[in-house]
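Here's the structure, in structure tokens; my notes come after.
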Amino acid sequence: MRIILLGPPGAGKGTQARRLAERYGLAVVATGDTFREQIAARTPLGLRAKGFVDRGEYVPDDITTEMVIERLQRPDAREGFILDGYPRTVPQAQSLEGALAAHGHPLSAVLNFKISDAMAVKRLMARLVCANCKRSYNVEFKPPRVDGVCDVCGHALVNRSDDDEATIRRRLDVYHRETKPLVLYFWERGLLRDIDAEAPEEVVADRTIEAISDLLDTYE
Ligand SMILES: [Zn+2]
């Protein structure tokens, strides 16, 4: 199963990605992490990307796509993957789909997690993250069992709300502007389902599984 997750910051994509990965045995591929890994490991692709990053420029789509495709070849992605943070533009989507088709593995689903800007701001301002395992919590919506301590690994939680509301709102505006054409692109091709992500985590998880079964049925 090959899945792309779309949704603004605060929509809970990371949490849902982890749940889906466990349920279906998929690799979670967050493009930001892949970038950092390849640059740190000084791979040929990493070195090419580094030049752009160092100059504060966008890494060109062909390098990014190549990196993602390379990552998707690894053994943990044999059963499939969940992509978070990529593609961000229609050209990236086209180049990713071209590469996947060349390997005979087309996309299965694109899940578009939707929340209001007000909800996104509220969640982002209250976000906590584990310094060790990166699991995220939220003082308001998903507090840890013990104040300030990770449920899973017991490490300290740090506050992530380093941004003020105006900064978060600007980021959301950019997100909506960039993503609209991408949503339309996947929707027109029958690959996309919207998921109302304002509900509690468990409810959103059920909706997600429902959307995936629905999409798979459509193609059988
Ligand atoms: Zn932890």
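The values are calculated or read from the model by the stated rules, or taken from the named source; none is laboratory data. Just so you know, these numbers come straight off a predicted model, no measurement behind them. Here the Cβ is made from the backbone with ideal geometry for all residues, glycine too, and neighbour counts use every protein chain on show. Protein only, heavy atoms only, side chains kept; ligands, DNA and RNA dropped before computing areas. Shrake-Rupley method; radii C 1.70, N 1.55, O 1.52, S 1.80 Å.
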Among the residues of the stretch 135-144, is there at least one that is without any contact (Cβ under 8 Å) to a residue 60 or more places away in the chain, more than 20 Å from ALA17 (Cβ to Cβ) and not aliphatic (A, V, I, L, M)? yes
The lone condition ILE195 fails out of (1) more than 18 Å from the chain's Cα centre (by Cα); (2) among the aliphatic types (A, V, I, L, M); (3) not in a helix (DSSP H, G or I) is (1)
Hey, among the residues in the stretch 183-203 that are of a type outside the set (D, E, K, R) and touching a helix residue (DSSP H, G or I) at 6+ places or on another chain (Cβ under 6 Å), which one's most open to solvent (accessible area, probe 1.4 Å)? TYR185
Working only within the stretch 79-95, note down all residues that are closer than 18 Å to ASN112 by Cα, among the small types (Gly, Ala, Ser) and without any contact (Cβ under 8 Å) to a residue 60 or more places away in the chain. GLY85
Within the stretch 141-173, considering residues that are more than 16 Å from the ligand (Cβ to nearest atom) and under 19 Å from GLY14 (Cβ atoms), the one most open to solvent (accessible area, probe 1.4 Å): ASP162
Given the options GLY98, GLY154, GLY148, name the one that is within 24 Å of ALA199 (Cα to Cα) and free of Cβ contacts under 8 Å to residues at least 60 places away in the same chain. GLY148
Can you pull out every residue in the stretch 50-86 that is surrounded by fewer than 13 Cβ atoms within 10 Å (Cβ to Cβ), assigned to a helix (DSSP H, G or I) and among the small types (Gly, Ala, Ser)? GLY51
Within the stretch 15-27, does at least one residue satisfy the condition of being at negative phi, open to solvent by 40 Å² or more (accessible area, probe 1.4 Å), of a type in the set (Asp, Glu) and modelled with pLDDT of 90 or more? yes
Please verify whether the stretch 111-122 includes one or more residues that are more than 23 Å from TYR86 (Cα to Cα), within 16 Å of the ligand (Cβ to nearest atom) and surrounded by 12 or more Cβ atoms within 10 Å (Cβ to Cβ). no
Report every pair of residues separated by at least 6 positions or lying on different chains whose Cβ atoms are under 8 Å apart, first residue within the stretch 113-133 and more than 23 Å from GLY148 (Cα to Cα), second in a helix (DSSP H, G or I) and away from the ligand (no atom under 16 Å from the Cβ). PHE113/LYS13; PHE113/GLN16; PHE113/VAL204; ILE115/ARG123; ASP117/ARG169; ASP117/LEU172
Suppose we filter ASN138, ASN132 for residues that are over 25 Å from ILE209 (Cα atoms), within 16 Å of the ligand (Cβ to nearest atom) and not β-branched (Val, Ile, Thr); which single one remains? ASN132
Among the listed residues THR31, THR89, identify the single one that is modelled with pLDDT under 90 and open to solvent by 40 Å² or more (accessible area, probe 1.4 Å). THR89
